[in-house]
Amino acid sequence: MRYKPIALGVAVLAGGLAAAPASATLDLLTPLQQQGQGVGAVFTTLFLQGQGNNTTESGGVNFNGSVFGDAGSGQSQSRTFTLADIGITTGNLASQLGLVVNLAEPGSENPPSVNTANSVLTGTQATMSNTITLNVFSASGALLETHSAAAGLQLNQVAGGLGGSGLLFALSPAEQTQLNNTIANNAGTEVFSTGATFANAQGGPETISALHLLGGVAAIPEPETYAMMLAGLGLMGFIARRRKHNVT
């Protein structure tokens, strides 16, 4: 678990901040194809679209449901939520929470893509909108912790349209434990919001939706893991051929 200080110059939380909130990591798991299209077809928590010719878009949702930066404020675009809102009520609560990042870039790239980046905003708003961030508030509005993806990730558009497809992010087992402990040790019902900053955007919009993960999802192997798997398969094939040659 990492800790980082946050500037207190921007007061956006009803309960204020007693200390710097904890920071953790969101992991990219897999591309995901959902049924239904449109912002209202899924549980959209953030609608993000840069202004004018800006290629960096940054924004998020405050505890009270208001938005900041490039976040959209239209109906079904941006909101706060509780775990119960998406059907998570029992068991390992944090392990059942997923965030789907949906890109709708109009550019000529094939495939269209954006890069996660640190926020161009300041103060608490920056903390709440770095890369892809899950913000966790107490029932009174204190920011308890933030879980953010790594900066510099290239996210490729999975399919056209909003609300139907995207890239699934979730907490690692260690971060699930952290969030579950936070939930257990704080009175009342926690409130969640999301924020994000994407560079190399070509107009968007991008959305982040929350969903209830009903089963385990395998992580996407890193390139080094693929190399090791291929090397292992090659070695197994060599051993099999050698055994066959020795038998004959």
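What follows is calculated from the coordinates using simple rules that are stated; it is not laboratory data. Fair warning: this is a prediction, and the values are worked out from it, not measured in the lab. Virtual Cβ from ideal backbone geometry, glycine too; neighbours counted across all protein chains shown.
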Pull out the extension gain between Leu213 and Asp85, defined as 0.36 nm times the separation in residues minus the alpha carbon to alpha carbon distance; nm, one decimal.
44.8 nm
Counting other Cβ atoms within 10 Å, which GluC sites (Glu not before Pro) in region 125-207 have at most 12 and lie in a DSSP loop?
none
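Quick one: Phe137, Phe68, fewest Cβ neighbours within 10 Å first, how do they rank? Don't skip to the answer; put the middle values down first.
Numbers: Phe137 26, Phe68 20.
Result, fewest neighbours first: Phe68, Phe137.
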Along Cα→Cβ, 7 Å out, is where each label goes; now give me the distance between the ones at Asn115 and Asn64 in nm to one decimal.
3.7 nm
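Subtract the Cα-Cα distance of Asn200 and Ala150 from 0.36 nm times their separation in residues, and report this length gain in nm to one decimal. Present the calculation step by step, with values, prior to reporting the outcome.
Details: separation 50, 0.36 × 50 = 18.00 nm, distance 1.59 nm.
Gain on stretching Asn200 to Ala150: 16.4 nm.
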